[in-house]
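The structure appears below as C-alpha cells.
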Amino acid sequence: MSEILLRLRDLRKTYDEGLFKPKKEVLRGVSLEVRRGEVFGFLGPNGAGKTTTIKAITELIFPDSGEITIGGLPHSDLEAKRKIGFMPESPYFYNHLSGAEFLRFCADLLGMETAREEARVSELLEQVGLAGRGDDKLRTYSKGMLQRINLAQALLNRPELLILDEPMSGLDPIGRRDVRDIILAQSEAGTTIFFSSHIIPDVETICDRVAILIDGVIKAVGEVREIVAQEVDLYEVTFTGVDPERLKTGTVARRLGSDQAWVRVVAGHRDALIGEVTAAGGKLLSLTPVRSTLEEFLMRHYEEVRR
Amino acid sequence: MRAVYTIARNTFREAIRDRILYLFLGFAVLLIVSSKLFSMLTVGDETKIIKDLGLGAIQFFSMLISVMMSVMLVSREVENRTAFNILAKPVRRHSFILGKYFGLLAIIVANLLLMTAALLVIIFLYQGEIDLTIFTGAGMTFLEMAVLCAFAVLFAMVTKPILGSVLTLAVFVVGHMTQGIWLLTERLQDAVTRFIVAVVYYVLPNLERFNFKSELVHSLPIPAAAVWWAILYALIFTALALFLAWLKFREKDLL
C-alpha cells in the first residue's frame, strides 16, 4: 500500500453565526487519507464543508479539534506548507500587479531563489497558456485567465500535494479541458492532487478515488466504481391515474406529463411504489432499472439531507 | 524575514500605483507651497508662519495617508481575500502583520521625504538658507505615524475597514488631547469615573509627546532627553499595538 501524504483525523469546526444565533457545525468529524501519487476528488453540495476542510488544511481557518498531517508533519509546520500548492476557489488578485509580477511575488513568498524564479515564471506562463500576457495587468485578465494564473501560482514550488478548490468553476468548456489536461499532466509527473468539485463528469474521468462530503460528514470514500456499486440501483416507473406529487413513497425525481406520470425510485422503494400506485387505482405502464452513476448517487444523498 | 520584506514591498508597490496617494500628496504639497501666501495674510514673522503651517500640513496629510492607506492596504487585503494567497504559503501570520506594517511605514517615509523637501525649498526660497531643523519636525511626525500605523494595523485585524479608519482617526484626535484627559482626572470627584478616565489616559498614546512644533518654529532648543523619550515611547506603543494585532490575528479564521 502506498504512503499516505495527507491525513485528516476527526476534524470538527463550528462557526459563530452571530450573538443570539446557535453555533453552526460545519465539519462533524471529517477523517480521510490521500495516498501519494493519486488524484483524489472531494465532492459535495454547496455548504457541505468542502472549502472549510480545504481552508483547514491550508491553515486559513483553525479547526476546533482534529489533526491534519502532510507527509507525516503537522500541517502548521512550515516544512509541511512547503510541500503544498494551493489554488483557492475564486481568484482574488491584486489589480496593481501584472501576471508575471504576481507570480514573482508568490515565488518570493515561497522563498524561491531569485535566479531560478524568472525561468520558472516564464515556464509556468507558457504551461497555463498565458505566454505573451505576463506583462499585462491582472485587472485586464478574463475570468478564465485569472483561473489559469491562479493555477500557475499553485504550481510554482513543484508541490508534492496540489490542493485545488473548485478548479473548473466559471470556466468555459475549453478552459475546463485545459485545466483538466494540466491536472492530468501534473498527476503523470507524480504530484498528488486533492481537488474539490461540483462537476461530476470531471471527477469521474480524472480521479483515482473520491470522498463524498455531505453536511460536514464523509458519506463515502473509494474508487468511483466501488462507490457506485455499493449503491442499490434505481428504477424508473411510468404510470397513469395517480398524481406523482401525492405519493407517500419517497421518490428521487418525479414528473407529470400530459398522459402519464414518471418517477424515479431507489430499489428499496420500488415495491412500495407499485403497491401504492395500484392501490390508488393507477395503471402501471413501465418499470425500467437504471444503471447508477456517481451523479445519481450524489443526488440521492443530497435529497436525503434535504429531507 | 524574506516574507516580511516581500509583503512590505508589495504593499508599498500597491500604494504607489494608486492614484489616491498622489491626490493626497498633491494637496499636501499645494498647502505647503501656499503657506507663503497665508503668511502674507497674517501679522508676524513670515518664516515662522511658513514653518508652522508647513509642519502642520505635513503632520495632517501624513495622518490622512496613514488612515487611508491602512484601510486600503491592510483591511482590504483580509476583506478581499488576497491574503489567502499569502497565508496558505509558508508564511507565518506575524510575518504578514509585520510585512503590512513596514509597507505602510515605507509609504509614510516616502511621503514625508517629499513633503519635507517641498517645505525646505519654500523656506530656502524665502530665507535663502536650508533650515535643517525641519528634519526634526519630520522625524517626530514619522514617530507619531509609526504609532498611528501600528494602531491602524491593530484595528484592521479586529474590525471592519470603515470602523478601523474611524478608530484610527479617533486615536489621532484623542492622542492629542490626552493632556486634557489627565487634567480631567485631577478635577473629577467620583473615584470610579476618575479611574476610567485614568485608564483611557494610560491606554491611548499621548501623541503630544511628538509635538515640538513651537520649539522648531521659534528656534528654541529641544532637549536630547525629550527626543530619546519620544523614540522610546513610540517603540513601546508600536510594539504593544502590533503584539495585540498578532494576538487577534494569530488564530483568526479567514472566511
Report, by chain and number, residues whose modeled amide H sits under 5 Å from the one on A:Leu234, excluding near sequence neighbours (fewer than 5 apart, same chain).
A:Val290, A:Ser292
The distance between the Cα centres of segment B:52-75 and segment B:182-255, in whole Å, is 18 Å
Applying the Karplus parametrisation 6.51 cos²θ - 1.76 cosθ + 1.60 with θ = phi - 60° to the phi angles of segment B:123-134, what ³J(HN,Hα) value in whole Hz is obtained for each residue in order, glycine and proline being reported as x?
5, 5, 5, 8, 9, x, 9, 7, 8, 6, 5, 4
Final fewest-first order of A:Ser31, B:Ser66 on the 10 Å Cβ neighbour count is A:Ser31, B:Ser66
Mind sorting B:Cys149, A:Cys106 by how few other Cβ atoms lie within 10 Å of their own Cβ, fewest first?
A:Cys106, B:Cys149
Under the Karplus relation with 6.51, -1.76 and 1.60 and θ = phi - 60°, whole-Hz ³J(HN,Hα) for segment B:31-38, x at Gly and Pro, equal 5, 5, 5, 7, 4, 4, 5, 4
When the Cα centres of segment A:130-164 and segment A:21-93 are compared, how far apart do they sit, in Å?
21 Å
Working out 0.36 nm times the residue gap between B:Ile16 and B:Lys213, then minus their Cα-Cα distance, what length gain in nm do you get to one decimal?
68.0 nm
Starting from the eigenvalues of the Cα gyration tensor, five times each then square-rooted, give me the equivalent ellipsoid semi-axes of the protein assembly as shown, largest first, whole Å.
61, 27, 22
Residues with amide H under 5 Å of A:Leu5's amide H, sequence separation 5 or more or different chain, H placed in the peptide plane at 1.01 Å from N; which?
A:Val34, A:Arg35, A:Arg36
Phi angles of segment B:199-209, converted by Karplus (6.51 cos²θ - 1.76 cosθ + 1.60, θ = phi - 60°) into ³J(HN,Hα) in whole Hz with x for Gly and Pro, give 4, 4, 4, 7, 6, 8, x, 8, 6, 5, 4
Expressed as an acute angle from 0 to 90° and rounded to the nearest 10, what is the orientation of the C-alpha long axis of helix B:178-187 relative to the principal long axis of chain B?
90 degrees
D (Stokes-Einstein, µm²/s), Kirkwood Cα radius, segment A:172-307, 1.306 mPa s at 10 °C
92 µm²/s
Given labels modelled 7 Å from the Cα in the Cβ direction, how far is it in nm from B:Ala117 to B:Arg194?
5.4 nm
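Are any of the pairs A:Lys83/B:Lys160; A:Lys24/A:Lys137; A:Lys81/B:Lys100; A:Lys50/B:Lys89 more than 29 Å apart by Cα-Cα distance, and if so, which?
In this structure, A:Lys83/B:Lys160; A:Lys24/A:Lys137 exceed 29 Å between Cα atoms.
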P(r) of chain A over all Cα-Cα pairs, binned every 10 Å from zero, in whole percent
6, 23, 27, 21, 13, 7, 3, 0, 0
Quick one: which residues, 5+ away or cross-chain, put their amide H under 5 Å from the amide H of A:Leu285? H built at 1.01 Å from N.
A:Thr238, A:Phe239, A:Thr240
At B:Leu64 and B:Arg76, where each label point lies 7 Å from the Cα along Cα→Cβ, what is the point-to-point distance in nanometres?
1.7 nm
For segment A:232-291: rounded, prolate or oblate by the Cα gyration tensor [a/c cutoff 1.5]
prolate
Restricting everything to alpha-carbon atoms, can you work out Rg to Rh for segment B:1-157 with a Kirkwood hydrodynamic radius?
1.07
Once R0 is set to 30 Å, what does the formula 1/(1 + (r/R0)^6) return for the Cβ-Cβ distance between B:Gln127 and B:Ala224, expressed as a FRET efficiency to the nearest 0.05?
0.70
If the cut-off is a Cα-Cα distance under 23 Å, which lysines reach B:Lys48, setting aside same-chain residues fewer than 8 apart in sequence?
B:Lys36, B:Lys213
Taking 41 Å as R0, compute the FRET efficiency from the Cβ-Cβ separation of A:Arg225 and A:Asn46 and round it to 0.05.
0.95
Two decimals is fine: what's Rg over Rh for segment A:116-185, C-alpha atoms, Kirkwood radius as Rh?
0.94
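Values quoted throughout were computed directly from the atomic coordinates according to the rules given, and no laboratory measurement underlies them. These numbers were taken from a predicted model, which means no experiment stands behind them. Heads up, the Cβs are rebuilt from the backbone with ideal geometry, glycines too, and the neighbour counts pull from every protein chain shown.
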